[in-house]
Amino acid sequence: MHFSDHDLIDEILAGSHAAFERLIKRHEEHVYRIGYSYARQVEGALDISQNVFLKVHDRLGSYDRRSAFRTWLTRVAQNESVNWLRSQQRHTGHEELTPGNMPSYQPVQESAVLHQENKRLLLDEVHRLNPRQSQALTLRYFENMALREIAAVLGCSENQVKSILFRGMQKLRQRLPHQNHWDQELES
Amino acid sequence: MNQCHPYQSLLEDLLAGTITAADGDALQAHCSECNECAEILDLHERLLALGAEIPAPDQDTLDDRRERILEQTMAHRRAAGPAAPERPRFWSDLAQLWQQHPAAAMLATAAVLLVVVFAGRWSVKPSSFDDDLLLQAVQHQAAQQAGLAEYWDAPFSFTNVSVRQRPTGQLALSFDVSRHIDLQTHQNSALAKEVLLHAILEPSSLGSRMGAMDVSAQIEDRRLQDALVLTMHHDPSLTVRLNALSSLARYPYDGQVQDALLTTLSNDQEVQMRLLALDQLGRQHVGLETIRSALGEEALRSDPAILQRVSAMNASSTLSDEF
């Protein structure tokens, strides 16, 4: 017998732990991937996932079922990821990256290290975009969500999502040195 | 890039994952001449590559985290109100027993193994040593089951399940678990309950599902009860839901079953389900206020059959006067 998310939620609200376990299993990888796109490390992503499901359990009564459960869960996961990132910055005393304190792009001997650093910078920049652009890009590229699903999470039309993605990419293009520049550095 | 850029809408389609193959080719060709578009295309490809690099979490780690979440939510529930039914954890309990009372644990383990071995020999005539081992494994696994979560995680998947009653409390079980098994065992054995559970929740046919529920109605077991409640709430077939509801009469005055019946009263759209639930709740002397609250004023006003039944339940006719 197939149980929809809403069937399982009914059972959870009636006190079933088995149903909650089933719901977690169904969505844990989705939540983990969102967490990973922010934390960029497995432990952090797992911490985020754990917090997300604890919050979901606490707030399930307030989920109004007007949107799909996965849409609601995605919003909770993104909010929790942003909170986690902020708390990490507070604990480690990280400064938020600004154009003034961005690391310079000096060529280094180890191409693998430079490659990793480039990825880190790209992800940093994705999370420095305005929240809607950052959310849209995260869902599109790290969650591989369809346009329709992203629109549901952001609460806007599919055309607006296209526009948000495009503007976000333009910002990234302006802020990041182009890959060719890095490739030239690697070659030199 | 300004708004007039002729390729902006194609770039938007590309980023959204909705671009056609022909448009994709046209955009690629354009990118060889336009730096701005080429840079966005490059970023798009780098982000796709980054998304593909996210490492999958280790399954054991996921299991461990899930267990932690469930423990925390259970602790939270226990602190917040009446205790939810706890799901016994066989392995952790056994490990604890080994630590605290190794001698007792050794005896208990030996007893369990003896029961499993003798139960297997008594109830079936395996065709080979491998089959004997398979059945022992199935029986051993069935003996460990405590809740529906284990049903969902069961290492054996049962198909083509059918259950027939035999005299003196025996059941004839027939099912496939990597090979076909026919055997006779007592209805209260762990294996009989396990097979019944699968017959109810993953039925081969409507008939086998109904038959399994009829048999379940004679056996008191928490997992079978949960399975009947799930079926009563969610099975798409009205006939099956009605049968599950009738089978739950096996558990009179059980708080969880009464709550489940009230949920049916409140959520099920079929008047037959509501009437049957009303009958069961009435027989268990559930208060009229509780019933009326579950039904809702609208159902009482709009459905004469339900109003009539509720009125009949009220010996003093108070409800009839009110409506």
Along segment A:116-124, Karplus-curve 3J(HN,Hα) (6.51, -1.76, 1.60; θ = phi - 60°) to the nearest Hz, with x for Gly and Pro, reads 5, 5, 4, 5, 4, 5, 4, 5, 4
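Quick check on the exposure proxy: order B:H5, B:H233 from fewest to most C-beta atoms within 10 angstrom. Please list the in-between numbers first.
Working: B:H5 14, B:H233 21.
In increasing order of surrounding Cβ atoms, one gets B:H5, B:H233.
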Amide H neighbours of B:I181 at under 5 Å, excluding residues fewer than 5 places away on the same chain, with H built from the backbone geometry, are B:F175, B:D176
When B:T18, B:T185 are arranged by how many other beta-carbons sit within 10 Å of their Cβ, fewest first, they go B:T18, B:T185
For segment B:288-298, in residue order, the Karplus 3J(HN,Hα) values (coefficients 6.51, -1.76, 1.60; θ = phi - 60°; whole Hz; Gly and Pro = x) are 5, 4, 4, 5, 5, 5, 5, 6, x, 4, 4
Here the whole-number average of other chain Cβ atoms within 10 Å per Cβ of A:146-155 is 1
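What does the structure give for B:227-235 when I average, per residue, the other chain Cβ atoms found within 10 Å of the residue Cβ? Numbers along the way, then the final one.
On the way: counts 1, 0, 3, 9, 1, 0, 5, 9, 1.
Taking the mean over all residues of the peptide, I get 3.
Using the Cβ atoms and a cut-off under 11 Å, what net charge is assigned to the surroundings of B:L196, where Lys and Arg are +1 and Asp and Glu are -1?
On the way: positive: B:K193, B:R209, B:R223; negative: B:E194, B:D214, B:D221.
Charge balance near B:L196 sits at 0.
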Rounded to the nearest Å, the spacing of the alpha-carbon centers of segment B:156-175 and segment B:205-246 is 15
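Sort segment B:150-227 into rounded, prolate or oblate with this rule: let a ≥ b ≥ c be the square roots of the eigenvalues of the Cα gyration tensor; rounded if a/c is under 1.5, and if a/c is not under 1.5, prolate when a/b is larger than b/c, oblate otherwise.
On the way: a/c = 1.36, a/b = 1.13, b/c = 1.20.
Because its axes are fairly even, with a/c under 1.5, segment B:150-227 counts as rounded.
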Calc'd 3J(HN,Hα), segment B:262-270, phi into Karplus 6.51 cos²θ - 1.76 cosθ + 1.60 (θ = phi - 60°), Hz, glycine/Pro = x, comes to 5, 4, 4, 4, 7, 9, 6, 7, 7
When B:V215, A:V52 are arranged by how many other beta-carbons sit within 10 Å of their Cβ, fewest first, they go B:V215, A:V52
Descending packing, highest mean Cβ count within 10 Å first, for B:58-68, A:122-132 is A:122-132, B:58-68
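Only the coordinates and a few stated rules stand behind these numbers; no lab work does. Keep in mind that what you see is a predicted model, and the values were worked out from it rather than measured. Quick reminder, even Gly has a Cβ in these numbers, built from the backbone with ideal geometry, and neighbours come from all protein chains shown.
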